[in-house]
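Working notes, beginning with the structure itself.
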Amino acid sequence: MVVARMVGKQAPAFSMDAVLADKSFGKVSLEENMKNDKWTVLFFYPMDFTFVCPTEITAMSDRYDEFEDLDAEIIGVSTDTIHTHLAWINTDRKDNGLEQLKYPLAADTNHQVSKDYGVLIEEEGIALRGLFIINPEGELQYQTVFHNNIGRDVDETLRVLQALQTGGLCPANWRPGQKTL
């Protein structure tokens with residue numbers, strides 16, 4: 001098996017059907033974010049109506065304004081359909097639903113984007129938890145992929161995005177406002 005490096009290269013292009021923040025159906029694409037000079041925070045999760053997923057999806061939504069202030073667009077992706085996404089969004093948080101999101105959930109129903117980003121568990125037809133930060137020029141700047149039992153850390157995602165945006169060298173444990181090297 002040959003594993004290709006992705007960081008520092010052009011991110012795989014994508015265009016997917018999605019449930020938008022206003023609960024309408026639409027499209028999301030890397031090209032659109034690039035055209036709008038936005039950073040893209042693309043994250044994959046295994047499937048709707050599970051246990052860990054809503055905790056991180058709602059945590060990202062609750063902090064959306066901070067991403068927006070950093071000129072970043074968040075896109076959540078699973079291999080579920082837009083109809084399943086909408087049903088989950090329309091479910092109250094107290095009932096393990098999402099209730100309302102401030103960013104789109106995209107449907108990778110043909111699994112192509114999950115394959116392109118190296119997160120597809122082919123025998124299950126679901127994605128691993130992957131997080132990719134792409135700059136406005138379309139270059140993949142950061143990736144992390146991990147086991148589906150662990151939710152991601154929104155503080156760390158914001159810290160990494162801010163570190164990337166400094167354009168400088170950020171030492172271990174760097175925090176926004178600190179000097180770069």
Can you list the strands (runs of 3 or more DSSP E) found entirely within segment 1-118 that contain at least 1 residues being open to solvent by 20 Å² or more (accessible area, probe 1.4 Å), within 18 Å of Q143 (Cβ to Cβ) and in contact with a Pro (Cβ under 7 Å, 6 or more places away or on another chain)? 39-44
Give the residues of segment 50-66 that are hydrophobic (A, V, I, L, M, F, W, C) and under 21 Å from S24 (Cβ atoms), sorted by residue number. I57, M60
If the Cβ limit is 6 Å and pairs must be 6+ apart or interchain, which residue in segment 115-134 that is among the aromatic types (F, W, Y) pairs with which residue that is open to solvent by 30 Å² or more (accessible area, probe 1.4 Å)? F132/Q143
Considering residues of segment 150-181 that are over 19 Å from W39 (Cα atoms) and touching a strand residue (DSSP E or B) at 6+ places or on another chain (Cβ under 9 Å) only, the residue least open to solvent (accessible area, probe 1.4 Å): G151
Can you tell me how many residues in segment 51-73 are of a type in the set (S, T, N, Q) and either farther than 20 Å from M16 by Cβ or in contact (Cβ under 8 Å) with a residue 60 or more places away in the chain (or both)? 2
Residue within segment 124-138 that is of a type in the set (K, R), open to solvent by 70 Å² or more (accessible area, probe 1.4 Å) and not in a loop (DSSP other than H, G, I, E, B) present: no
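The values are calculated or read from the model by the stated rules, or taken from the named source; none is laboratory data. Note that the structure is a prediction, hence the values are computed from the model and not measured. All Cβ positions, glycine included, derive from the backbone under ideal geometry; neighbour counts span all protein chains shown. These accessible areas exclude ligands, DNA and RNA; they are computed on the full protein's heavy atoms, side chains included. Shrake-Rupley method; radii C 1.70, N 1.55, O 1.52, S 1.80 Å.
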